[in-house]
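> Encoded as structure tokens, here's the structure I'll be asking about.
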Amino acid sequence: GESVGLHLPTLSVQEGDNSIINCAYSNSASDYFIWYKQESGKGPQFIIDIRSNMDKRQGQRVTVLLNKTVKHLSLQIAATQPGDSAVYFCAENSQNTGTASKLTFGTGTRLQVTL
Amino acid sequence: SQTIHQWPATLVQPVGSPLSLECTVEGTSNPNLYWYRQAAGRGLQLLFYSVGIGQISSEVPQNLSASRPQDRQFILSSKKLLLSDSGFYLCAWSVPSFGYTFGSGTRLTVV
């Protein structure tokens, strides 16, 4: 079945540096992708999304890049801060069942920001 | 604005006891509702989703059930908990073709 996976389970970055978290997806029919941030003991929080008709989208300090040719998604965080420490999940919307969107989540990458 | 409430935040239950977790959404009508489970250090597994009152779709066979008695209320239940039911349960809502908004989660420990 479709799957979303991550290349690195843990990423350590020095404060002030840029972070890049990568994600591979397997369903070429996926049309919508989302990055979530999850802090310990909390629910995932939406960071940024991108649709398949785009290859780049920018938010505040974050950028998502989509490469449909190789089915690769990345999240870039500029000037990483201690508050960015969390687990980051990518998710793809590959199934629309009636009116329900069903997201498939990757296993997550833990971002550790060192001082 | 839309908000999602999930309770309780933590729960410790003995094996064989019943379970009821509740989730409510405010500020939107006819949302899609979801229950996910997250094992420690793992990703999110979709358990149930609902596109309307009384409409429940189950993703994986398990010891749990879900109900949607009202438009903005989603309940996760079990008649008899198993040790393997322990985990972090997350409720979420969405509108079609957009991402989910998650609740704060319930940490369930079955002992």
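> Just the residues that are among the acidic types (Asp, Glu) and outside any strand (DSSP E or B), please, taken from the range A:30-51. Walk me through how you get there before you give the answer.
Here is the first cut: in the range A:30-51, the residues among the acidic types (Asp, Glu) are A:31, A:39, A:49.
Within the range A:30-51, A:ASP31, A:GLU39 meet the criteria.
> Something else about it: Identify, by number, the condition in (1) open to solvent by less than 10 Å² (accessible area, probe 1.4 Å); (2) in a loop (DSSP other than H, G, I, E, B); (3) not hydroxyl-bearing (Ser, Thr, Tyr) that A:MET54 doesn't meet.
Failing condition for A:MET54: (1).
> Return the only residue of B:LEU108, B:LEU83, B:LEU90 being touching a residue at least 60 places away in the same chain (Cβ under 8 Å) and surrounded by fewer than 20 Cβ atoms within 10 Å (Cβ to Cβ).
Values: B:LEU108 fails: surrounded by fewer than 20 Cβ atoms within 10 Å (Cβ to Cβ); B:LEU90 fails: surrounded by fewer than 20 Cβ atoms within 10 Å (Cβ to Cβ).
Answer to the check: B:LEU83.
> Can you tell me which of B:LEU44, B:LEU19 is away from chain A (no Cβ under 13 Å) and surrounded by 13 or more Cβ atoms within 10 Å (Cβ to Cβ)? Break it down stepwise before answering.
Values: B:LEU44 fails: away from chain A (no Cβ under 13 Å).
Going through B:LEU44, B:LEU19 in turn, the sole match is B:LEU19.
> Quick check on the range A:83-98. Is at least one of its residues in contact with a Leu (Cβ under 9 Å, 6 or more places away or on another chain) and away from chain B (no Cβ under 14 Å)?
yes
> In addition: Can you tell me which residues in the range A:57-82 are exposed (fewer than 14 other Cβ atoms within 10 Å of the Cβ) and within 14 Å of another protein chain (Cβ to nearest Cβ)?
A:GLY59
> Restricting attention to the range B:93-105, which residues are buried (at least 22 other Cβ atoms within 10 Å of the Cβ) and either free of Cβ contacts under 8 Å to residues at least 24 places away in the same chain or among the acidic types (Asp, Glu) (or both)?
Scanning the range B:93-105 gives a single hit, B:GLY99.
The values are calculated or read from the model by the stated rules, or taken from the named source; none is laboratory data. The shown structure was predicted, so the numbers you read here are calculated from the model rather than taken from an experiment. All Cβ positions, even for glycine, are placed from backbone atoms using ideal geometry, and neighbour counts span all protein chains on display. In case anyone asks, the SASA skips ligands and DNA or RNA and just uses the protein heavy atoms, side chains included. Shrake-Rupley method; radii C 1.70, N 1.55, O 1.52, S 1.80 Å.
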